[in-house]
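The block underneath contains the structure these notes are about, expressed in structure tokens.
The values are calculated or read from the model by the stated rules, or taken from the named source; none is laboratory data. Remember, predicted model here, so these are calculated numbers, not experimental data. Cβ placement follows ideal geometry from the backbone for every residue including glycine, while neighbour counts extend to all protein chains displayed. Surface areas here come from the heavy atoms of the whole protein model, side chains and all, with no ligands, DNA or RNA. Shrake-Rupley method; radii C 1.70, N 1.55, O 1.52, S 1.80 Å.
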Amino acid sequence: MKKIRLKNKQIDYPILIGSNIYKDIGLICKKYLEKNRVFIVCDNVVYDLYKKVLQNSFKKANVECIFIAITVSEKKKNIITVASLSSKIISHGVDRKDTIVAFGGGILGDIVGFTASIILRGLNYIQIPTTLLSQVDSSVGGKTGVNNIYGKNLLGSFYQPRLVVIDTNVLKTLPRRELLAGYAEIIKYGIIKDAKFFDWLQINGKKVIDGNTNARIYAIHRSCINKSQIVEADEKEHGARALLNLGHTFGHAIESLNNYKKDIIHGEAVSIGITIAAKLSYVEGYIDKKTYYKIENHFNDIGLQISLPKNLKKITAKKFVSEMIKDKKTVNKEITLILIEKLGKAFIHKKYSHSKLLKLFKEITS
Ligand code: GLY
């Protein structure tokens, strides 16, 4: 099993990465519990698949587990779900020594992390991410939160887990579409800070998608190392952490304008968003044509979507820009974008011109 330690003055917790480790999950988690009880919040899909193995494993470790299965979707990622989940947890007579386990994908992890951060002013929680996207991005670094009618993830907290446990075996039951969506976040690390990793992905990316365990462990490990380094340097996103948002300001606008319908899931919107950011970086003269095509071709080779779907092409450029203004990085209506300086280096572009964005959207919509 591989271990990364995310550590700075305020934070210190391990990220464990392995294959076929759920059978030992009870003992793995026990070291991080303050009493022998956990609340396992999972989404209904993984609940049916993994309840037995988790139950047996916690039983073996002599830890009581209370399962709470919920249905999650971007539409249900809201404060109402947080309220009802909190009530379910509190109704069991929760106390400050209890631990909440988030067992599921990124949406579930964000909801559960946020809920854990507010019950009794903060309970310990453990992330066990079950999708590629949550394994390489959302389970690490303590961003928790839910959507609001005005935009994505507008309510939330920075609240670090006690432990993250990643089992690549769970990816065997993950639909290919979800794998691809997660892969978009993996490429992101190559583009923003790890050019060698990008080169590795060009050669090995298909193996990651097709199920090669070693390739998956390598890609997840390297992604989590990259993410940990950024979070260690800037937990609350005062600077460098914003680089992790490459493509996300576009992506979030796409998801929101699509009313969070499931025909575009988060990683797909991010995939389109990253390629738009790459295009803009090229148009602005920050990267050359060769680099731009190297990025775009890799998205294409892997089978990721890079252009806006038909229904969104009908949306006006003005609407896109208004939607992007709702981004959390916006200050005084001025849009911040993450652009690419070279492969392996991104930068924060503050006050990006609205008229340039309008022009760009006029080109990519019809
Ligand atoms: N997913 C971006 C971040 O954690 O900062």
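For the stretch 9-32, which positions are open to solvent by less than 40 Å² (accessible area, probe 1.4 Å) and either closer than 27 Å to D234 by Cα or touching a residue at least 60 places away in the same chain (Cβ under 8 Å) (or both)? Answer for the stretch 9-32, where residues must be open to solvent by less than 40 Å² (accessible area, probe 1.4 Å) and either closer than 27 Å to D234 by Cα or touching a residue at least 60 places away in the same chain (Cβ under 8 Å) (or both): I11, Y13, P14, I15, L16, I17, G18, I21, Y22, I25, I28, C29.
Restricting the stretch 255-293 to residues that are within 16 Å of the ligand (Cβ to nearest atom) and β-branched (V, I, T), which is most open to solvent (accessible area, probe 1.4 Å)? In this case the residue turns out to be I265. On the stretch given as the stretch 185-202, residues that are surrounded by fewer than 17 Cβ atoms within 10 Å (Cβ to Cβ) and either acidic (D, E) or touching a Leu at 6+ places or on another chain (Cβ under 8 Å) (or both) total 2.
Filtered by the rule that a residue be under 23 Å from the mean Cα position of the chain (by Cα) and open to solvent by 20 Å² or more (accessible area, probe 1.4 Å), the stretch 33-47 gives D43, N44, V45, Y47.
All conditions in (1) away from the ligand (no atom under 16 Å from the Cβ); (2) over 22 Å from K7 (Cβ atoms); (3) not in a loop (DSSP other than H, G, I, E, B) hold for I126, with the sole exception of (2).
Evaluate the stretch 117-132: report whether one residue or more is under 21 Å from I348 (Cα atoms) and open to solvent by 10 Å² or more (accessible area, probe 1.4 Å). Spell out how you get there, then give the answer.
Pass one, the stretch 117-132, residues under 21 Å from I348 (Cα atoms): none.
No, the stretch 117-132 has no match at all.
Within the span defined as the stretch 101-110, one or more residues are farther than 20 Å from E255 by Cα, aliphatic (A, V, I, L, M) and out of contact with any Lys or Arg (no Cβ under 9 Å at 6 or more places or on another chain).
Inside the stretch 326-348, residues that are open to solvent by 40 Å² or more (accessible area, probe 1.4 Å) and of a type outside the set (D, E) make up a count of 9. Among the candidates V82, V112, V140, V136, the residue that is open to solvent by less than 10 Å² (accessible area, probe 1.4 Å), part of a loop (DSSP other than H, G, I, E, B) and among the hydrophobic types (A, V, I, L, M, F, W, C) is uniquely V140. Number of residues in the stretch 211-238 that are in contact with a strand residue (DSSP E or B) (Cβ under 8 Å, 6 or more places away or on another chain), away from the ligand (no atom under 12 Å from the Cβ) and open to solvent by less than 20 Å² (accessible area, probe 1.4 Å) equals 1. Among residues of the stretch 309-324 that are loosely packed, with under 14 Cβ neighbours inside 10 Å, those with a beta-carbon under 7 Å from a residue that is assigned to a helix (DSSP H, G or I) at least six positions away or on a different chain give the pairs K318/L358.
So, K76, is that one away from the ligand (no atom under 16 Å from the Cβ), open to solvent by 10 Å² or more (accessible area, probe 1.4 Å) and touching a residue at least 40 places away in the same chain (Cβ under 8 Å) or not?
On the way: away from the ligand (no atom under 16 Å from the Cβ): yes; open to solvent by 10 Å² or more (accessible area, probe 1.4 Å): yes; touching a residue at least 40 places away in the same chain (Cβ under 8 Å): no.
No: the conditions fail for K76.
Selection of the stretch 143-159 for residues being at pLDDT 95 or above, open to solvent by less than 40 Å² (accessible area, probe 1.4 Å) and within 12 Å of the ligand (Cβ to nearest atom) yields T144, G145.
Scan the stretch 262-294 for residues that are without any contact (Cβ under 8 Å) to a residue 60 or more places away in the chain, under 19 Å from the mean Cα position of the chain (by Cα) and outside any helix (DSSP H, G or I) and report the count. Residues in the stretch 262-294 being without any contact (Cβ under 8 Å) to a residue 60 or more places away in the chain, under 19 Å from the mean Cα position of the chain (by Cα) and outside any helix (DSSP H, G or I): 2 in total. Is it the case that V165 is outside any helix (DSSP H, G or I), under 30 Å from L27 (Cβ atoms) and either more than 16 Å from the ligand (Cβ to nearest atom) or open to solvent by 10 Å² or more (accessible area, probe 1.4 Å) (or both)? Yes; evaluated as a whole, the condition is true for this residue.
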